[in-house]
Amino acid sequence: MFNKIFKIIFLLVLAFGFSTYNAENADAATKVMWGKTELKLGQIGKVTILTDTTLVKLEGDGSLSTVRAMKKGEEYRVYSYKNNHGGLYGVGGGSFVQKNTKVKYETPSKSKLSLLNGQAGNVEFISGSVWEGTYTANQGETRLTLTVKEETVEFAFGPTLTNPKVPEGKFIMFFEYDKVTGALSLEQGKWIQKPSGYIMLDLVGSVSGDYYTGVVLDGNSVEGKFSVKKIK
């Protein structure tokens, strides 16, 4: 009896081990590596440190302050770009790498983007489709509905259950969509319904399956992230 129970337990542990191994391998297989770093949705490029330099933060008065040292050979994902101080590559968390001869900036190839998005071409961002979800910005989590027209997209936002004080608003956006890679960018156009104190934003991301995900931009600064699902 004991041997039978032991065999059952052993088989279960073995099966769990194989399933864990396969899951880890599957997860690894879905990662798109670009040099030393993994390529992520919403990423516009990467910087490689050629000579030791510093990671900086842009202060409210426009000056730069040092965050920490950056070593030769390190690589960082870039999500935004600012023209301040001769050029600043936004690497997330409000930190920047200065554009100079100490760093090398690169953009991902179409083949890398295609691998990243996998089945991106299976769902098209077509006229008449509607996408719903949320995004984050200064006001916190916000409801988001994207309605695709012939040449434009209507960006409608409003409150969520966790953030009920967000007002309703709408504006028109223009879009660029790559059916091969799934890369999709939405650029602000004009207001339809403007709440007091609110500004229009841009979206940069990728369509994969029924989802469009990426980052929310105010100019070249990353304000937050968004995720919407195709419902029509």
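The values are calculated or read from the model by the stated rules, or taken from the named source; none is laboratory data. Note that the structure is predicted; figures quoted are calculated from it, not measured. Here the Cβ is made from the backbone with ideal geometry for all residues, glycine too, and neighbour counts use every protein chain on show. Heads up: the accessible areas ignore ligands, DNA and RNA and are worked out on the full protein's heavy atoms, side chains in. Shrake-Rupley method; radii C 1.70, N 1.55, O 1.52, S 1.80 Å.
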Completion exercise
Considering residues that are loosely packed, with under 12 Cβ neighbours inside 10 Å and not β-branched (Val, Ile, Thr), the number found within the range 40-71 is 9
Fill in the blank from the handout: Selection from the range 174-232 of residues closer than 21 Å to Gly90 by Cβ, open to solvent by 40 Å² or more (accessible area, probe 1.4 Å) and acidic (Asp, Glu) yields Glu176, Glu187, Asp218, Glu223
Completion exercise
Only one of Ala120, Ala15, Ala23 is modelled with pLDDT under 90, under 24 Å from Lys225 (Cβ atoms) and open to solvent by less than 90 Å² (accessible area, probe 1.4 Å), namely Ala120
Problem - Among (1) open to solvent by 60 Å² or more (accessible area, probe 1.4 Å); (2) under 28 Å from Met33 (Cβ atoms); (3) not aliphatic (A, V, I, L, M) - the single one Glu150 does not satisfy - result: (2)
